[in-house]
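The structure's right below; bear with me while I get my questions together.
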Amino acid sequence: MAFSFLRGNKPSLLQTGPGGQSRSHVLDRPEMSIGRASNADIVVDDPFLAPIHARIEKQSDGGFIIRRMGLNPIMLRGEALLQTASLKAGDSFRLGKDVEFQFVVKATAKEAPKKEASKTGDDKPKKPLLKQPAFLAGMGLAYLAIVGIIGYVILSDSGSTEGGPTAERINAEAARIPTCIKNARRMRQVSEASFNGAVGGRVGRDGDATYAALSLAAEPSDEAALVKAAEPIIEAYKRTALAALASENRGNNTLAQTLYQQTYDLVPDINCPAARFALQRRAAVKPPARR
């Protein structure tokens, strides 16, 4: 009884989505990861999430922060999260396409009167909004967030072929896979945690040329040699994606969804346009949930 009472008063995350489902997660550990990987503390079955998309960390003062893992997009209080931010009671943040979390803190019986007293005693005149340091700092962060979003879109989607799924689009996405491998290598040099949060998959056995194996290796570094090493992945990506497209055009969405998932599994990197294309098509052909 005592344990359940204490657990019930701990801060928690109220999850909404995907598919309209709702769940509550008690923050009873110093660190809790959120992602679609099976080893995440909070597992979310959403193809638009990275294996480890975000992490909630408890601070020495008892507060909590949210940390973005890699380049995975997170919207906090309606703005793009750059790296970390403190969580306040009632804060909401969005991951992926339609997964939202709300930070919930239950006030104890002793805290409630204090809050009422502070409200009645706070009769001091407040500074104009434009002269408040907190407001000016928030405006600065908002400006940086907007610049960061614009830069991210330009860098990640530059040169991408817009429009629906076509054979030309699939070939164009496949041709950029070596560039994705080079970008993943650079990310690993900057941050191992960011790399692990963005790139999934396995290295393989007997020297198999998998996306993860080439991303972890320093060689080949030569452009032509890297393209040749990635050729089996590129060709498999084309075959699987074209088979998925054919199934989609025939109206066999169940098979198309499976094949698009297999296409993504060949390039399991949430920051790679070829991977995002496969995830977008997988979501597009997903049958509507039954009510």
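Go through region 85-100 residue by residue and turn each phi into a ³J(HN,Hα) via Karplus (6.51, -1.76, 1.60, θ = phi - 60°); whole Hz please, and just put x for glycine and proline.
Per-residue couplings from phi come out as 7, 6, 9, 10, 3, x, 4, 10, 9, 10, 10, x, 8, 8, 9, 10 Hz.
Counting only protein heavy atoms and using a 1.4 Å probe, what share of the accessible area of region 204-253 belongs to carbon plus sulfur, as a whole percent?
The nonpolar share, carbon plus sulfur, comes to 50 percent.
Follow-up question, since we're still on this one. Starting from 0.36 nm per residue, how many nanometres of slack lie between ALA218 and VAL190 once their C-alpha separation is accounted for? Each step should come with its number before you reach the end.
Numbers: separation 28, 0.36 × 28 = 10.08 nm, distance 1.40 nm.
Full extension of this stretch gives 8.7 nm more.
Listed highest first by mean packing, meaning other Cβ atoms within 10 Å per residue, what order do 258-267, 52-61 come in?
Per-residue mean Cβ counts within 10 Å order the peptides as 258-267, 52-61.
Right, something else. Roughly how many percent of the accessible protein surface of region 15-58 is carbon and sulfur, given a 1.4 Å probe and a whole-percent answer?
Carbon and sulfur together cover 44 percent of it.
With θ set to phi - 60° and the Karplus curve 6.51 cos²θ - 1.76 cosθ + 1.60, what are the ³J(HN,Hα) couplings of region 233-248 in order, to the nearest whole Hz, using x for Gly and Pro?
Each residue's phi maps through the Karplus curve to give 5, 4, 5, 5, 4, 4, 4, 5, 5, 5, 5, 5, 4, 4, 5, 5 Hz.
Find the centroid of the Cα atoms in region 209-261 and in region 171-200, then give the distance between the two in whole Å.
Region 209-261 and region 171-200 have Cα centres separated by 14 Å.
Listed here are the pairs LYS97/LYS182; LYS58/LYS106; LYS58/LYS88; LYS238/LYS286; LYS97/LYS238; which of them are more than 19 Å apart at the Cα?
Details: LYS97/LYS182 27 Å; LYS58/LYS106 16 Å; LYS58/LYS88 12 Å; LYS238/LYS286 21 Å; LYS97/LYS238 26 Å.
The answer is LYS97/LYS182; LYS238/LYS286; LYS97/LYS238.
The values are calculated or read from the model by the stated rules, or taken from the named source; none is laboratory data. As the structure is a prediction and not an experimental result, all values here were calculated from the model. So basically every Cβ, Gly included, is an ideal-geometry build from the backbone, and we count neighbours across all protein chains shown. Only protein heavy atoms, including side chains, enter the accessible area calculation; ligands, DNA and RNA are left aside. Shrake-Rupley method; radii C 1.70, N 1.55, O 1.52, S 1.80 Å.
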